[in-house]
1. Hey, does the stretch 3-19 have a residue that's touching a strand residue (DSSP E or B) at 6+ places or on another chain (Cβ under 8 Å), modelled with pLDDT of 90 or more and either in a strand (DSSP E or B) or surrounded by 13 or more Cβ atoms within 10 Å (Cβ to Cβ) (or both)?
2. So which of 144, 171 is in a loop (DSSP other than H, G, I, E, B), at pLDDT 70 or above and exposed (fewer than 13 other Cβ atoms within 10 Å of the Cβ)?
3. Of 153, 159, which residue is over 27 Å from residue 108 (Cα atoms), surrounded by 18 or more Cβ atoms within 10 Å (Cβ to Cβ), in the same structural domain as residue 96 (by TED's automatic domain parsing) and modelled with pLDDT under 95?
């Protein structure tokens, strides 16, 4: 007779279906604080495991089989790639999410952006960081730019979810866009932090 308190494997929570909920929770949390925030990283921990380890959190967490985002220290925007390269999450973390304010340009601006980067000169081509700075300056000064917040969540099992909040202009409401292919490079960078 099995006296284990662990549920059988078939009863384990489906974290893939819980990921979009956790990503929206991260975005809702950050939306309350407004725009112009530094990049923010969150560990995604199974809620049931968190409550088992910390029963005192029962009043502040929704009891269920989902994921709970746990905020980490803010990350400097300039150090983002370096910071992510140095992260290796412990086994108790099932996934992670990164939120970052970005600038979105219309598709028609791509050719202009390419010309601005190419016009940066041969010395900039030797330094990818300089080319990135040229692209960022161009995007921030473009008249058709839109401010946005990108939240990317990934799971150790390989699942991922991307959510973009486009800042509304003047009286217009913000627009939410969810699509798995919004940020493939960020997805890959976050998945690397979960590799054993």
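1. To start, the set of residues in the stretch 3-19 that are touching a strand residue (DSSP E or B) at 6+ places or on another chain (Cβ under 8 Å) comprises 13, 15-16, 18-19.
This time we only want the ones that are modelled with pLDDT of 90 or more, so: 18-19.
Now narrow it down to the ones that are either in a strand (DSSP E or B) or surrounded by 13 or more Cβ atoms within 10 Å (Cβ to Cβ) (or both): 18-19.
Yes, the stretch 3-19 contains a residue that is touching a strand residue (DSSP E or B) at 6+ places or on another chain (Cβ under 8 Å), modelled with pLDDT of 90 or more and either in a strand (DSSP E or B) or surrounded by 13 or more Cβ atoms within 10 Å (Cβ to Cβ) (or both).
2. Details: 144 fails: at pLDDT 70 or above.
Going through 144, 171 in turn, the sole match is 171.
3. Working: 153 fails: modelled with pLDDT under 95.
One residue alone meets the criteria, 159.
The values are calculated or read from the model by the stated rules, or taken from the named source; none is laboratory data. Please read these numbers as outputs of a predicted model, since none were measured by experiment. Virtual Cβ from ideal backbone geometry, glycine too; neighbours counted across all protein chains shown.
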